[in-house]
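For reference, the structure is listed below as structure tokens.
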Amino acid sequence: MKKFSAGLQELTILENEKIRVTRYSEFLLLYLENLEFSQQRICDFGCGTGVLGIYAAKRGAHSVTGFDIDPDAIDLSNRNIDLNDCSNFQPYLITDHGIDEKYDLIISNPASLPTVKASGKEFFSGGIYGIDMIQDLFNFSARHLQKDGCIFFLQTSLSSINKAANYAHDKGFNYKIIGVFQTEIRGHYQEFWHRVEQNQRTGDAHFVEINGVHSEIVYLIEAKYRDLP
């Protein structure tokens, strides 16, 4: 269980062994303090614990819709919604919901580690270059973001920044880095570290090494529709 502040309100967020509020989400929450949510229609894409959507709901959003591929995430989000009394936030399994809404703001902490999808590890698997879910995010946004809307999401330097930016451009969006933080790489990353090193050789991953300690850079990305000629 973790506690966060949303304006003058305190949030209580339950976690489980698989689904947690990550360092990435905590970084995104710090930035979201600067945004205006009042009367906005918000989407929490890959909602996990529901912390981002609950935060937006508590900050005055008109409505918040969450989507995830994991039924356990939907169950956990619903528990946290009840715990924090957020009647204007509804999470759905993305495969089960016929989506016809447009959103003013889409927020996401997508899986962006360069791992192949394996049973029980889908929640952090981003594919070979770490951008599979980021591509899903832009595909979704191309259909469901208002023309004057905005996407905010996080991406680790262990994934391919160039490939993600190029994909965004192809989908009609710009891709702008507006914030960074550096964090030490965790021990469990060793299971896919060979992939990081392979991707580094092609310019599709980077990290910082100081005195034998490896760190990743986490980027906060803002994306909007490009002005087309």
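The values are calculated or read from the model by the stated rules, or taken from the named source; none is laboratory data. Quick caveat, the model's predicted, so the values are computed rather than measured. Backbone-built Cβ (ideal geometry, glycine too); neighbour counts: all protein chains shown.
For region 115-138, the candidate set comprises residues that are touching a Ser or Thr at 6+ places or on another chain (Cβ under 6 Å) and farther than 25 Å from Cys150 by Cα; within that set, the residue that is modelled with the highest pLDDT is Thr115. Within region 155-208, the residues that satisfy the criterion of being among the aromatic types (Phe, Trp, Tyr) and over 30 Å from Leu145 (Cβ atoms) are Tyr189, Phe192, Trp193, Phe207.
Quick check on Arg23: is it in contact with a Ser or Thr (Cβ under 7 Å, 6 or more places away or on another chain) and either at pLDDT below 95 or exposed (fewer than 13 other Cβ atoms within 10 Å of the Cβ) (or both)? So Arg23 fits the description; yes. When the helices (runs of 4 or more DSSP H) confined to region 108-211 are screened for residues that are more than 17 Å from the chain's Cα centre (by Cα), of a type outside the set (Val, Ile, Thr) and surrounded by fewer than 18 Cβ atoms within 10 Å (Cβ to Cβ), those reaching at least 2 such residues are found at 161-170, 193-201. Inside region 171-188, residues that are hydroxyl-bearing (Ser, Thr, Tyr) and over 23 Å from Asp136 (Cα atoms) make up a count of 1.
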